[in-house]
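For reference, the structure is listed below as structure tokens.
Please treat every number below as a calculation from the coordinates, not as lab data. These figures come from a predicted structure and were not determined experimentally. Here Cβ is always computed from backbone atoms with ideal geometry, including for glycine, and neighbour counts include all displayed protein chains.
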Amino acid sequence: FTKIVDFKVNIREFSEGPPTEAPVTIRITGENISTLQQISDHLESLLKEIPGTHNIQSTLQEGLNEFKFTLDPDKISKHGLNITQVAALVRNSVQGIKATNLTIDEEELDIYVRYDLPKKQGTTTLSLNDITEIQIPTPKGYLVNLSQLGEYKLQKSLSFIDREDQERIVKVRSDLEAG
């Protein structure tokens with residue numbers, strides 16, 4: 001293990017029977033991620049102060065960093081657009097939009113139309129620059145690059161967020177020492 005620089009080991013006492021929750025499981029529900037994060041962090045801190053608790057974890061785990069593009073309503077309206085139009089155009093450019101069906105030899109195929117994105121060895125590759133240079137047609141008859149309609153920033157993201165009964169839920173868990 002000397003070459004491994006960043007890892008975490010959890011040791012749990014073996015228990016028979018089906019898997020169960022940790023002995024201490026606190027559920028927090030709500031829609032605001034930052035509020036859920038604050039409450040989760042606070043509860044983790046409180047549990048760490050209680051003698052006999054260990055392996056304290058929250059289900060709210062950081063994932064990979066992501067770029068977040070925020071559209072500027074003033075810039076959008078200046079070009080005669082609205083946020084819904086721009087969002088749909090970007091989504092359709094990257095993911096494509098179903099244009100029609102085609103039947104060949106009794107097999108029905110969906111036909112998608114999408115932006116001509118760069119490819120490397122047959123696989124679509126997108127850089128941040130490729131996305132920000134997507135051209136958006138305006139009602140005024142000209143094209144505007146997406147980069148002119150907002151700004152992007154690098155931010156932390158979550159690996160996933162659990163839901164229970166369609167509500168966001170975070171669990172803070174702790175094992176207990178024997179006795």
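As a calculated quantity, the FRET efficiency between Leu102 and Thr124 at R0 = 25 Å, using C-beta atoms, amounts to about 0.70.
Using every pair of separate Cα atoms, the Kirkwood estimate puts the hydrodynamic radius of the chain at 21.4 angstrom.
Distance between the pseudo-spin-label points of Lys140 and Glu164 (7 Å out from Cα toward the beta carbon): 5.2 nm. The angle separating the long axis of helix 83-95 from the principal Cα axis of greatest extent in the chain is about 90 degrees.
Label-to-label distance for Lys48 and Gln95 is 3.9 nm, based on points extended 7 Å past Cα in the beta-carbon direction. With distances taken between every two different alpha-carbon atoms, region 67-153 has a Kirkwood hydrodynamic radius of 14.5 Å.
Distance between the 7 Å Cα→Cβ label points at Glu31 and Arg114: 3.1 nm.
Assign one of three labels to region 112-179, namely rounded, prolate or oblate, based on the Cα gyration tensor with a ≥ b ≥ c the square roots of its eigenvalues; rounded applies when a/c is under 1.5, prolate when it is not and a/b is larger than b/c, and oblate otherwise. Prolate, since a/c reaches 1.5 and a/b exceeds b/c.
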